[in-house]
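A.B. asks: Dropping a structure here in structure tokens format, bear with me for questions.
What follows draws every value from the coordinates through simple rules; no lab data is involved. Quantities reported herein were computed from a predicted structural model and do not represent experimental measurements. Cβ placement follows ideal geometry from the backbone for every residue including glycine, while neighbour counts extend to all protein chains displayed.
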Amino acid sequence: MIRVLFNKKGGVGKSSLTVNLAAIAAKQGLKTLVLDLDTQCNTSAYLSAQPGTDIAELFEQTITFHIRRRPAEEFCQPTAFENLHILPGSARLAELESELHSRHKIYKLREALSSLSEHYDRIFIDTAPALNFYSLSALIGADSCLIPIDCDDFSRQGLYSLYQQIAEIREDHNANLKVEGIIANQFMQQAKLPRQIIDELLEEGYPVLPVPLAQSVKMRESHQAKTPLVSMAPKHKLTQSLLELHQHLEEQAAKKA
Ligand SMILES: Nc1ncnc2c1ncn2[C@@H]1O[C@H](COP(=O)(O)OP(=O)(O)OP(=O)(O)O)[C@@H](O)[C@H]1O
Ligand SMILES: [Mg+2]
């Protein structure tokens, strides 16, 4: 199962949720990989990825001559957390992007993901806040897309255009791509507007997931401690919501399988 966390809007929680949902899957015994496709490398920092091989080198292999191409799994490394591996991001992705694009390497990540799925039960992909070569590659290679939003009106406007782009990717490249759900992140229970936005999206038929995630400073503390919430604060309310969200996703996926 390959999930990509995507939203063109920045700062909505893509990296935070990639790591935390992946860490929950790993904690539950699933062999899990986090793939960092963002030049900011936030997920790589969160999981203390070590210098060495990274995703840029994997892409680079596709445009340079190699006697032996290294399989994608050789670019992954373990983290401090059991069952949780990372394929680290790299700032060099930015330099490679135009060449990969001009040489039509858009399906190369799909090939790599298909071989990685033989080694991992779950793959979570973090993307940059843009529909660039890499996020498009991820959407082409993934089974599903999770869209975090921060419940404001800009998020809602962005969602409409995002949906059109996802529909186009589904039609042109990946008929299996599902929008697994929209995650209401940094949800303020007491405020009226976020609830109203969610209700309106639901009325319009958008699949907002039934587990909103509250805003909590614990998330930032977890980044600082480089430890996912399920390990750092297993009893915290936000962790409990993440666990519930993960369970919902797994049950929903099992029903549709
Ligand atoms: N539920 C939450 N409660 C409190 N803070 C949160 C929560 N979710 C995310 N944040 C904070 O919001 C900021 C943005 O989160 P994050 O980096 O995960 O978003 P992103 O979508 O990956 O951003 P970018 O588009 O820049 O990659 C971070 O400082 C993070 O700690
Ligand atoms: Mg991010």
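A.B. asks: How far apart, in nm, are two points set 7 Å out from the Cα along the Cα-to-Cβ line at Val217 and at Glu244?
C.D. replies: If labels sit at Val217 and Glu244, their model points lie 2.4 nm apart.
A.B. asks: Moving to a separate point now. Relative contact order (percent) for the chain, with alpha-carbon contacts under 8 angstrom and 6 or more residues of separation?
C.D. replies: Relative contact order of the chain: 25 percent.
A.B. asks: Follow-up. Report the antiparallel proportion of the DSSP beta bridges in the chain as a percent, rounded to a multiple of 5.
C.D. replies: 10
A.B. asks: Give, as a single signed number, the net charge of other residues whose beta carbon lies under 14 Å from the beta carbon of Phe154, with Lys and Arg counted +1 and Asp and Glu -1.
C.D. replies: 0
A.B. asks: Using only Cα atoms, tell me the angle between helix 237-256 and the longest principal axis of the chain; keep it within 0 to 90° and round to the nearest 10.
C.D. replies: With both axes taken from Cα atoms, the answer is about 70 degrees.
A.B. asks: Using helices alone, I'd like the mean residue ellipticity at 222 nm for the chain: each DSSP H run of four-plus residues gives -39500 (n - 2.57), total over residue count, nearest 500.
C.D. replies: -13500 deg cm²/dmol
A.B. asks: Counting other C-beta atoms within 10 Å, which of Lys255, Lys31 has the fewest, and how do the rest follow?
C.D. replies: Fewest to most other Cβ atoms nearby, the residues stand as Lys255, Lys31.
A.B. asks: Can I ask one more? How much net charge surrounds Ser44 when only other residues with a Cβ under 10 Å from its Cβ are counted (Lys, Arg +1; Asp, Glu -1)?
C.D. replies: -4
A.B. asks: I've got another one for you. Need one number: nm distance between label points at Glu111 and Arg195, each 7 Å from Cα along Cα→Cβ, rounded to one decimal.
C.D. replies: It works out to 5.3 nm between the two label points.
A.B. asks: Take His66 and Gln252, extend 7 Å from each Cα along the Cα→Cβ direction, and tell me the distance between the two endpoints in nm.
C.D. replies: 3.6
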